[in-house]
1. Pick out, from region 36-125, the strands (runs of 3 or more DSSP E) lying fully within it that include 1 or more residues that are in contact with a Phe, Trp or Tyr (Cβ under 8 Å, 6 or more places away or on another chain) and surrounded by fewer than 15 Cβ atoms within 10 Å (Cβ to Cβ).
2. Could you please give the count of residues in region 126-161 that are under 15 Å from the mean Cα position of the chain (by Cα) and in a strand (DSSP E or B)?
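The values are calculated or read from the model by the stated rules, or taken from the named source; none is laboratory data. Since we're looking at a predicted model, the values are computed, not measured. Glycine gets a Cβ as well: all are built from the backbone with ideal geometry, and neighbour counts include every protein chain shown.
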Amino acid sequence: MQVGLHFYIQMICETVSRKCEEGILMELWDAYDEKLNRIDGMTLVRGEDVPDGVFHLVCEIIVRHVDGTYLLMQRDPRKHLGGMWEATAGGSALQGENPMTCALRELSEETGIKAEKLTEVGRVLHHLHKSIYVDYLCETDADKTSVVLQEGETSAYKWVTAEELRSMSRNELATQRMLNFIKDLK
């Protein structure tokens, strides 16, 4: 394992050096084991292969208005699953971020909503994506017309009732996991 880890670290350093010379900005992530323990000395790079048994952190935030409606964001048409709706704001944690810091940043970037606290509502270990999803609920009284779209990420938004959200088809929602998660928020 040590030889493999040393080789992986050397490969990442060479990749970072090469991309910096080319003027390419890279997104760096911390590496985690399956129990969400940070792996010291290991950095992951978006777009590079993640070793087996290693995961990166992704935070998702479901936004529920005090009136009981949920915020849906439509994915930018240029993105994977473009045009589909997401019941969460969220994304990958940047190097050095803990789950809460990541979630608050992603919520603000993707919706413009500023929250002081979020409630963790679940975690999902996804072996295929080599990701650990930490899911939060944001309850807000923000002006529903003040949602801000993030260029290149989202193209529209709408507020829906829990019933409307549950009745959306698989062709409308970006992931089925979201539907299963929302059913728990009765």
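1. 38-45
2. Of the residues in that region, 10 qualify.
Each row is one residue, and each column tells you yes or no for (1) in contact with a helix residue (DSSP H, G or I) (Cβ under 7 Å, 6 or more places away or on another chain); (2) modelled with pLDDT of 95 or more; (3) over 20 Å from L125 (Cα atoms).
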| position | (1), (2), (3) |
| --- | --- |
| M1 | no, no, yes |
| R18 | no, no, yes |
| A31 | no, yes, no |
| D49 | no, no, no |
| F55 | no, yes, no |
| D76 | no, no, yes |
| A93 | yes, yes, no |
| A103 | no, yes, no |
